[in-house]
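Values in this text are rule-based calculations from the coordinates and carry no lab data. Note that the structure is a prediction, hence the values are computed from the model and not measured. Note that each Cβ is placed from the backbone with ideal geometry, even for glycine, and that neighbours are counted across all protein chains shown.
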Amino acid sequence: MVIDLDGVGHTYPDGTVALRNVTLSVAKGERVALLGPNGAGKTTLALHLNGVLPAQEGVVRVAGELLGPQTVRQVRRQVGLVFQDPDDQLFMPTVGQDVAFGPMNFKLDDVAGRVQRALRAVGMQAAVDRPPHHLSFGQRRRVAIATVLSMDPQILVLDEPTSNLDPASRRELADILTAVDVTMLMVTHDLLFAWQLCPRSVVLADGTVQYDGPTRALLADPDLLRRFRLELPFGVSLAP
Amino acid sequence: MTAFVVIVVLTPREWISAFLGYAAILAVALAFARVPPRRVARGLAIEVPFVLFAVLLPFVGHGPDNWLGLSIPGMWAAWNILVKATLGVVAATLLASTTLPVDILAGLQALRIPSAFVAILTFFVRYVDVVADQYQRMRVAQRSRGFTASSPRSWPVLAHGLGALFVRSFERGERVHLALVSRGYEGQLPVPESSGAAWPAVVLPAAAAVIAMVHALW
């Protein structure tokens, strides 16, 4: 298994319990959607996968490494975390510098080649010298993905990748994510996008895993959807 | 560019032809870089207090007077301030017009400015437009609901707006920090590469040095 969480729990300093006894395994090459209502603990779980939040209870294993102070740097190299707002992800003055940021920190070889390949993978090679602020929102989202692809991670963790995207940008994003060959965990409220890209879904509610199974079966079950406060767009329903 | 200004400042005030030479190379550089005259004029506005001070010197200075009754040492002092300040400000305007922010950051790093300071400036360059956009959207939202800042009674609304902007920026800072550590950040930003586009920084001091040397040897 590439991702292995066993009994993970997390409580924020104000006493809010975000995760309780979360156990989850993801195999190499799998694409998994992480679904659930607002405040269910999805982003908290994503932040555990690269050790930004250390597990207070339970253990996290990534690519065979037990996540801890000794291994956190190696794990971050393997887990590409793409945040919801591209303006949080793109903090360097130019696109090229931002895509080079991870490889330079991890002292990887051929930084220029990595930048070129990552930007080509998301169709943004022409923007290498441009400031992120001059790009459209959809372009910034694509560059944000390039910033982690340049590290050649084994695992891609995406937080709400389709939020605020227009339909064409959303389709382009789906094409990009389908083409990259990595294990993927995608936090999303966009159920149709989850269905398009992820054969498997995990539903998190009240900080625990409430469903772990085929995406299609979940979306075709109105009772389950209602229980987890999940909704398909108006007029859409799937035959059981 | 610092080298150019240092040469200008170190040139004796009596070397009038050298100053004319510096002005000529600045004018050529401004024309070559297509810097709009209006931008140069805006840059020169910062000099106004010094100009006012310099204008007073011939009237209040001591020493021998000329036929108009103006102090000759005072006139030299005024000339010294005016010519060096003007050349310095115009050179700074040229630098700002022809140099990308990323090159200025690379230059600061090369000058061994403390890395924390360079990092703060790097984030400032990246986020100043993002925060300005947020402020603009907030102003549009305020105006859309009938708000006009016309009297001191509107100050609390403006203060609340700025407070909200500060809180949002602070929260963004926390999220950016998460994104930084997620990609291996351990307190040191990678050294930015200069684009190599800041040609006046090399050409101007070299030309000024030649003029000063020719004048000294003449």
Average beta-carbon neighbours from other chains, 10 Å sphere, peptide B:172-179:
6
Counting only DSSP beta bridges fully inside segment A:145-225, the antiparallel percentage to nearest 5 is 55
Counting pairs of alpha carbon atoms under 8 Å apart in space and at least six apart in sequence, what relative contact order in percent does chain B give?
35
Taking the Cβ of A:Val22 as the center, what net charge do the other residues with Cβ under 14 Å away carry, scoring Lys and Arg +1 and Asp and Glu -1?
-2
Treating only Lys and Arg (+1) and Asp and Glu (-1) as charged, each at its beta carbon, one finds that the protein assembly as shown has a dipole about its Cα centre, in Debye to the nearest 20, of 820
Of B:Thr98, B:Thr148, B:Thr86, the most mobile residue in a GNM of chain B (C-alpha springs, cutoff 10 Å) is B:Thr148
By a straight-distance test (C-alpha under 28 Å), which lysines pair with A:Lys28 as possible cross-link partners, with residues fewer than eight away in the same chain excluded?
A:Lys42, A:Lys107
Evaluate the distance, in nm, between pseudo-label points positioned 7 Å from the Cα of B:Ala31 and of B:Ser169 along their respective Cα→Cβ axes.
4.2
Find which of B:Pro12, B:Leu100, B:Val83 sits farthest along the positive direction of the dipole of the protein assembly as shown, computed with +1 on the beta-carbon of Lys and Arg, -1 on that of Asp and Glu, about the Cα centre.
B:Val83
Fewest first, what order do B:Phe123, B:Phe59 take by the number of other Cβ atoms within 10 Å?
B:Phe59, B:Phe123
Order by neighbour count: B:Ser71, B:Ser150, A:Ser25, fewest other Cβ atoms within 10 Å first, most last.
B:Ser150, A:Ser25, B:Ser71
Value of relative contact order over segment A:3-227, rounded to a whole percent, pairs C-alpha under 8 Å and six or more apart:
27
Give the order of A:Asp88, B:Asp65 when sorted by the count of other beta carbons within 10 angstrom, beginning with the fewest.
B:Asp65, A:Asp88
Antiparallel DSSP bridges in segment A:3-227: what percent, to the nearest 5?
55
Rounded tilt (10° steps) of B:115-144 against the dominant C-alpha axis of chain B:
60
Zone of B:Leu68 (label point 7 Å along Cα→Cβ, backbone N under 17 Å): which residues in segment B:78-102?
B:78-83
Protection proxy ranking of B:4-17, B:39-52 - average other beta-carbon atoms within 10 Å, highest first
B:4-17, B:39-52
